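Undergrad: One structure, as structure tokens, below. Some questions next.
The values are calculated or read from the model by the stated rules, or taken from the named source; none is laboratory data. Not measured: the values here are computed from a predicted model. Neighbour counts run over all protein chains shown; Cβ positions are idealised from the backbone, glycine included.
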Amino acid sequence: MSETPLTRNIAPGKPPTDLAAYDANGGYQAVRDTIGKVDPDGVLDIIKDSNLRGRGGAGYPTGMKWSFVPKPRPDEGHRYLVANADEMEPGTFKDRLLMEFDPHQLIEGMILSSYTISADRGYIFIRDEYHTAIKRLNDAIKEAENKNYLGDRILGTDFSFHLHVHVSAGRYICGEETALLNSLEGKRANPRAKPPFPQVSGLWGRPTIVNNVETLCNIPHIVTHGADWYQSLGSGNDAGTKLYGASGRVKKPGCWELPIGTSIREILENHAGGMLDGYELKGLLPGGASTDFLVAEPLDLPMDYESIMQAGSRMGTGTMIILDDKTCPVGMIANLMKFFARESCGFCTPCREGLPWVKQILDGIEAGTGRLGDMDILERQSQFIGAISNTHCAHAPGAIEPLSSGLKYFHEDFIAHIENKTCPYTGGAT
């Protein structure tokens, strides 16, 4: 049994896995052994016992999420399973790796997941920029349909499941599952009020489960090898492996499948090759752009949900953005605020008005026109916008995390910009 199940078919220089190669390495065995042979409740119990947590950022237990879907009733209409493949989080590229090089793994995971929740329709919601992944997913779906792994009466059973790739225009807010569902319905991508939750009333008012690509790719391996095996893969309290990534001024930026709970030090030094020569680590965003900075020797922290939370941040997608000692943290934060302000859906005032205001103040500080009073405004806004009870969804609180932690850890850099009216990292206004 592989200790890196998600990437067992992926290697540098190796071509994408087609159906023949996937089948030859045990692909769709879980489908053949499960569909029509194992009760869906039995599959659900395996997923719950495995302690698989969502890999999209929140880390919610997958089996528990699925258990909220009501039992099917005769002639009740469609049920839906949606793979969130939008992957708009800055610094995140793990799902792209899985979709481009092993698309059948996602498809098999969706077949088994849909069987468990009695869904008969599925969508892979993907951003338009992922041209290669879109083509390979569509090709893989056709291959699976030809083998009757998809379609009507799969493998001669009573279970049917039809899967489609939905290409989105691309918005960060579509990472929020109800905004994604609105977009899939052809509406503006605004998050919905909850309750009702999608498990009860989701796509077109029907029971719906939305899961991240990496989450769904774990399902075939858990079903095949069992919950105990999956739990044994983790190195701490969490179960399984995790696709970790690192970008920034490291020697070998990339993505690696490792036991969940692997330390930041091992990821950065052993896999990313350490910092580039002449650069030192100043801080990092552990899970993409919408997480708090970690500084003050974070290297020995395990990259798992509780450890990163206790350190004052979130694991998020597990893809670290590295801040080095020669990059201006004020400029980095201003750049992130520009992105998040642009990606607001515009529904609520703190997000629609607050993020652009913060971005404008940061631009002034970077340009050498900032005032000391701006620091008070930024502090108040980070506290106000950061309170999730003040906003319609979690976009603004997540967006403000780099600023909130940046004001704490890089306060002297902000003050130096304001007092010297220049960026100390570039020697001039930026």
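Undergrad: Contact list please: Cβ distance under 7 Å, first residue in the stretch 317-340 and of a type in the set (D, E, K, R), second residue assigned to a strand (DSSP E or B), pairs at least six apart or on different chains.
TA: The qualifying pairs are ASP324/MET275; ASP324/LEU281; ASP324/LYS282; ASP325/LYS282.
Undergrad: Moving to a separate point now. Using the structure shown, decide if THR116 is assigned to a loop (DSSP other than H, G, I, E, B) and either among the polar types (S, T, N, Q) or in the same structural domain as ASP292 (by TED's automatic domain parsing) (or both).
TA: For THR116, the condition - assigned to a loop (DSSP other than H, G, I, E, B) and either among the polar types (S, T, N, Q) or in the same structural domain as ASP292 (by TED's automatic domain parsing) (or both) - is not met.
Undergrad: A follow-up question, please. Out of curiosity, is LEU203 farther than 29 Å from LEU285 by Cβ, touching a Lys or Arg at 6+ places or on another chain (Cβ under 9 Å) and touching a residue at least 12 places away in the same chain (Cβ under 8 Å)? Full working, then the answer.
TA: Values: farther than 29 Å from LEU285 by Cβ: yes; touching a Lys or Arg at 6+ places or on another chain (Cβ under 9 Å): yes; touching a residue at least 12 places away in the same chain (Cβ under 8 Å): yes.
It is true that LEU203 is farther than 29 Å from LEU285 by Cβ, touching a Lys or Arg at 6+ places or on another chain (Cβ under 9 Å) and touching a residue at least 12 places away in the same chain (Cβ under 8 Å).
Undergrad: May I pose another question? Across the stretch 165-177, what is the total count of residues that are under 16 Å from the mean Cα position of the chain (by Cα) and surrounded by fewer than 20 Cβ atoms within 10 Å (Cβ to Cβ)?
TA: So the count comes out to 1.
Undergrad: Only residues that are among the β-branched types (Val, Ile, Thr) and in contact with a strand residue (DSSP E or B) (Cβ under 6 Å, 6 or more places away or on another chain): list them for the stretch 112-133, please. If you could, list the steps in order and put the result at the bottom.
TA: Of the stretch 112-133, the ones among the β-branched types (Val, Ile, Thr) are 116-117, 124, 126, 132.
Matches in the stretch 112-133: ILE117, ILE124, ILE126.
Undergrad: Out of the stretch 70-89, which residues are within 21 Å of GLU214 (Cβ to Cβ) and buried (at least 20 other Cβ atoms within 10 Å of the Cβ)?
TA: TYR80, LEU81, VAL82, ALA83, ASN84, ALA85, ASP86, GLU87, GLU89
Undergrad: For the stretch 317-336, does any single residue satisfy the condition of being surrounded by 23 or more Cβ atoms within 10 Å (Cβ to Cβ), at positive phi, in contact with a strand residue (DSSP E or B) (Cβ under 7 Å, 6 or more places away or on another chain) and of a type outside the set (Asp, Glu)?
TA: Within the stretch 317-336, one or more residues are surrounded by 23 or more Cβ atoms within 10 Å (Cβ to Cβ), at positive phi, in contact with a strand residue (DSSP E or B) (Cβ under 7 Å, 6 or more places away or on another chain) and of a type outside the set (Asp, Glu).
Undergrad: Being of a type in the set (Gly, Ala, Ser) and in contact with a Ser or Thr (Cβ under 7 Å, 6 or more places away or on another chain) is the filter here, so list the residues in the stretch 1-51 that pass it.
TA: ALA30, GLY36
Undergrad: Mind checking which residues of the stretch 272-286 are surrounded by fewer than 19 Cβ atoms within 10 Å (Cβ to Cβ) and either in contact (Cβ under 8 Å) with a residue 60 or more places away in the chain or within 21 Å of THR4 (Cα to Cα) (or both)?
TA: Scanning the stretch 272-286 gives a single hit, GLY273.
Undergrad: Sticking with this one: Inspect all residues belonging to the stretch 294-304 and state whether any of them is at pLDDT below 95 and assigned to a helix (DSSP H, G or I).
TA: No, the stretch 294-304 contains no residue that is at pLDDT below 95 and assigned to a helix (DSSP H, G or I).
Undergrad: Does ALA311 satisfy the condition of being modelled with pLDDT under 95 and crowded, with 22+ Cβ neighbours inside 10 Å?
TA: Numbers: modelled with pLDDT under 95: yes; crowded, with 22+ Cβ neighbours inside 10 Å: no.
So ALA311 does not fit the description; no.
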